[in-house]
Amino acid sequence: MILYNKKSINKFLGFIFLISFVLQASSFDQIDEDAVDLDSELQKVVEKYGLMGLSVTLIANHEIAYEGIFGKAVFEPAREMNRNSLFRIASITKTTVTMGLMQLMEQGLVDLDEDVSSYIGWELRNPKRPEAIITLRHLIGHTSGIRDGEGYGRFISDMFTDRLNIQELFQASGSHFTEDMFADHKPEHFFSYSNSAWSLVATVIEKISGQRFDRYMRDRLFSPLKMNASFNLTDFERDEIAILYRKPDGVWTPQVDDFRESEPAERAYDGYEPGHNGLLYGPQGNLRIDTASLQTLALTLMNGGELNGTRVLQPSTIEMISTPNWVYDGTNGDTWDEFWQSYGLGIHIISNREGKDVIFPDRKMWGHPGIAYGLLSDMYIDPETGSGVIFVTTGSNRPFETSERSSFYAMEQEVFDLLYPYLQKIE
């Protein structure tokens, strides 16, 4: 029998602690080295694709594991991009609008399967399918049959000067209605991605809440979560805002949010009444938000609608919006070259079909992409593993090209491929 005294035991435990500390420190050093390597590799992506600016975030173990910011927020006079630079984030916007709507659902103020007409105060029907009601579920699931027809673009151009009511776009007798605003099929089963449909979601939010859409979203979602985000550009200082660029004919050309010589303007006209035109503040893609707030949004969704003691949605609601509402069966949707394979409610659900919508191959993620005015963006998470990715670029000196290995763009896929080994090491 071997006897141990207290002094020898303490020495032994101290030795074990020292070895453990050394191994852990070595592990941290390796992670730091890997992060530096990741910085270097992402800088190569910036150079390869001629990007104006790039923001990349990796989430692992339910925490921010890596953040890389590259390039410029403004080309000339040069202003470097940082985690507080504000982007017009495009269609990730739709996920936030869905969250705002679902708050009203949780209060029992709206029913996703009720005729939208009962909320907006006028009859919404597809003239080709007048017998079929259109619901909020149809709208936020892109199964309403509403299209972005010719009238949509003209309406956006005219709605400020003419103070248009949104029904002028969707009713057959409306001043901006065109036949291509609706598909031939009835609502529910056929997926067709629609920006214009979200104007009706925002109109419902205004009608039910009695608040202007931008203020409702600020008060109910962005402010509680302490996000630097808004649908109203006048809420920001102009030197916070990143310009989005394209480079036609070899010249970097601002596409949107160029406030170098002017201040952002208020979009609502004097006397605007909530519920008149939900398109006014751009619920389809006009949210301005920074990297730090995108991280907050992703973590809130990942944590079942709560972050740092602030709950904005119930876990059951997060589960509802991230459950497939539509799945492609080969004939029941417009897939955009097979990009859309499954969609929830304001949420794109990754199918991981080989060669299609794959981000990290060993996990099924959900979130949303965005593309507009030179910007390309992604926010996707997997709550089960606590992992996620945020990607934003503010312009490229060449057109975006689809990857040969997936239905994402080549530069997105290259970033995903760089992040994935790093993610596996730190999990």
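The numbers here are math on the coordinates, done by the rules we state, and not lab data. The structure presented is a predicted model; accordingly, all values stated were derived computationally and were not measured. As a convention, Cβ positions derive from the backbone with ideal geometry for all residues, glycine included, and neighbour counts pool all protein chains shown.
Points worth noting:
- Note: relative contact order over the range 187-309, using C-alpha pairs below 8 Å and six or more positions apart, is 36 percent.
- Local net charge near GLN314, Cβ-Cβ under 10 Å (Lys/Arg +1, Asp/Glu -1): -2
- Ranked from largest, the principal axis spans of the Cα set of the range 293-427 equal 43, 36, 32 Å.
- Summed residue charge, Cβ within 15 Å of GLU427's Cβ, Lys/Arg positive, Asp/Glu negative: -3
- Exceeding the 29 Å Cα-Cα cut-off - candidates LYS247/LYS425; LYS247/LYS364; LYS94/LYS128; LYS226/LYS356: LYS247/LYS425; LYS247/LYS364; LYS226/LYS356
- Once C-alpha pairs closer than 8 Å and six or more residues apart are averaged by separation and normalised to the residue number of the range 277-403, the relative contact order reads 16 percent.
- Positive-end residue, the range 97-164 charge dipole about Cα centroid, Cβ charges, pick of PHE160, LEU124, LEU101: PHE160
- The range 143-204 and the range 340-391 have Cα centres spaced 27 Å apart.
- Neighbours of SER173 by Cβ distance under 14 Å: Lys/Arg scored +1, Asp/Glu scored -1, total -2.
- Check: the chain dipole with +1 on Lys, Arg Cβ and -1 on Asp, Glu Cβ, in debye: 900
- Relative contact order of the chain, pairs being alpha-carbon contacts under 8 Å that are 6 or more residues apart, as %: 22
- Taken along the Cα-to-beta-carbon direction at a fixed 7 Å, the label points for GLU263 and TRP122 span 3.4 nm.
- Comparing ASP290, ASP258, ASP337 in a Gaussian network model of the chain, where Cα atoms under 10 Å apart are tied by springs, the biggest mean-square fluctuation is seen for ASP337.
- Highest mean packing first, where packing is the average number of other Cβ atoms within 10 Å per residue, the peptides 36-44, 354-362, 379-387 line up as 379-387, 354-362, 36-44.
- The alpha-carbon positions of the chain define a convex hull whose volume is 186 Å³ per residue.
- Working from the Cα coordinates of the range 177-331, the gyration tensor eigenvalues give, after taking √(5λ), semi-axes of 27, 24, 20 Å in decreasing order.
- Cα pair distances exceeding 16 angstrom across the range 76-136, given as percent: 65
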